[in-house]
Amino acid sequence: MFEQIKEFINPSKNPDLTQAHEFQRQHLPTLWLLGKTGAGKSSFIQAVTGLSSVEVGNGFEPCTMTAQAYEFPQDKPVMRFLDTRGLGEADYNPAQDLKEIGESGNAIVVVMKADEPEQSAVLKALKQIKKNKQIKHLLLIHSAVLLSEVNERARQVAFNENQVYEVWGKDLQSVSVDFEQDDGRVYNYDLLLSELTNILPVINLLVEDKEHATVESENFDKMQNEVLWYAGSASASDLIPGVGLVSVPAIQAKMLHGLANQYGVEWNKRTFSELIGTLGSGFALQYSVKLGARQLIKLIPVYGQTVGAVTAAAMSFGTTYGLGRTACYYFYHKSKGEAVSDQAMQELYKNSLKKGKAASGYEKN
Ligand SMILES: Nc1nc2c(ncn2[C@@H]2O[C@H](COP(=O)(O)OP(=O)(O)OP(=O)(O)O)[C@@H](O)[C@H]2O)c(=O)[nH]1
Ligand SMILES: [Mg+2]
């Protein structure tokens, strides 16, 4: 136990996270895009990532005959888009792409231009995808809705919605957008984002916030992807059935070390004790569980009953995110020579743990 804590403070051996990152990379939650040529799939990816068409275009990698994958963000990916090509041709077979999708938390986004009722190729593919039962969540995006007059639009949207409904059935969510609104923004962007969060929770944290209450939180927004990336690795390491893997604390240690560096704060035993100290005894208890005192799990009623690989993965994602978030808060103020209150730290940890667990995608919120 003591040895593990020492390891946590100072990862002297510099643990090799390659395998955990590799597993994470192979199991990134995926948004699978389906739609006719010109429907707005690429426009959608640009809208969500905030990148230009050139940047998105350069990041694509072919992965099957009919699809390209785009990992996002590119250097430390937390999710990916699978962009299907060639859906203009009626004989598209989704079998290969289904295989590519694998078994990670996934969702499908179907894009239809509102004024395009001819959707036979898309519907045919959807029928096969439904039979396969691998994809649970579907979001239908009606694009280019501003091209049609309001009444006409309602009729068009209802028509396409019904076509998809007949194939997919009741769990159908949809949203009407336009990627080419005059002011350069996306029409119904907030609605789009909240629907996307329902089918792929991590998107909520991944998309940059436009407004910030404090300079500190604006600062964190820049670190957030890195924290999410480590959180993803931590939950991946819980899902890998095998031995000899790095532990969650080792991953978190590396994260803390890296974050401290970026805030210009020296990472040593004292900084560590101070940081953990502000989080209080509740955190320490949870930590001792994570640090391998497995017997302890049985003594904690609720956690003990529900713990399994998936719950553990959600917890690892959540605690890593929570720790990363609070550490950034702590480092920010420390770098300015300011003290933080235990109460603020604990409240922030509680909230971000909750956010992180929801974003892991392994837990119904
Ligand atoms: N007015 C309007 N134009 C749109 C909208 N979405 C896409 N377009 C336009 O339609 C064209 C094709 O859009 P893309 O996003 O490239 O379509 P895609 O689905 O990626 O097409 P493929 O890559 O060929 O399968 C572009 O010129 C877009 O500007 C929309 O919501 N409104
Ligand atoms: Mg495209």
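Numbers at a glance
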quantity	calculated
Residues satisfying the stated conditions in the stretch 194-218, i.e. surrounded by 16 or more Cβ atoms within 10 Å (Cβ to Cβ), free of Cβ contacts under 8 Å to residues at least 60 places away in the same chain and either under 17 Å from A107 (Cα atoms) or assigned by TED's automatic domain parsing to the domain that holds A39 (or both)	E195, T197
Condition broken by K76, with the remaining ones in (1) touching a strand residue (DSSP E or B) at 6+ places or on another chain (Cβ under 9 Å); (2) more than 16 Å from ligand 2 (Cβ to nearest atom); (3) more than 26 Å from Q181 (Cα to Cα) satisfied	(1)
Residues of the stretch 62-87 that turn out to be within 15 Å of ligand 1 (Cβ to nearest atom) and under 25 Å from A231 (Cβ atoms), as a count	4
Some residue of the stretch 144-157 being touching a Gly at 6+ places or on another chain (Cβ under 7 Å) and not in a strand (DSSP E or B)	yes
The stretch 155-184, residues that are out of contact with any strand residue (DSSP E or B) (no Cβ under 9 Å at 6 or more places or on another chain) and either modelled with pLDDT of 95 or more or within 16 Å of ligand 1 (Cβ to nearest atom) (or both)	R155, A158, F159, N162, E166, V167, D182, D183, G184
Meets criteria (of a type outside the set (A, V, I, L, M), at pLDDT 85 or above and not in a helix (DSSP H, G or I)) for G318	no
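Condition check ((1) surrounded by fewer than 17 Cβ atoms within 10 Å (Cβ to Cβ); (2) at pLDDT 90 or above) across all residues:
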{"residue": "G86", "(1), (2)": "yes, no"}
{"residue": "D91", "(1), (2)": "yes, no"}
{"residue": "Q96", "(1), (2)": "yes, no"}
{"residue": "K99", "(1), (2)": "yes, no"}
{"residue": "V111", "(1), (2)": "no, yes"}
{"residue": "V122", "(1), (2)": "no, yes"}
{"residue": "K127", "(1), (2)": "yes, yes"}
{"residue": "N132", "(1), (2)": "yes, no"}
{"residue": "I135", "(1), (2)": "no, no"}
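The values are calculated or read from the model by the stated rules, or taken from the named source; none is laboratory data. Because the structure is predicted, anything quoted here is derived from the model rather than measured. Positions of Cβ are generated from backbone atoms using ideal geometry, with glycine treated the same way; all protein chains shown enter the neighbour counts.
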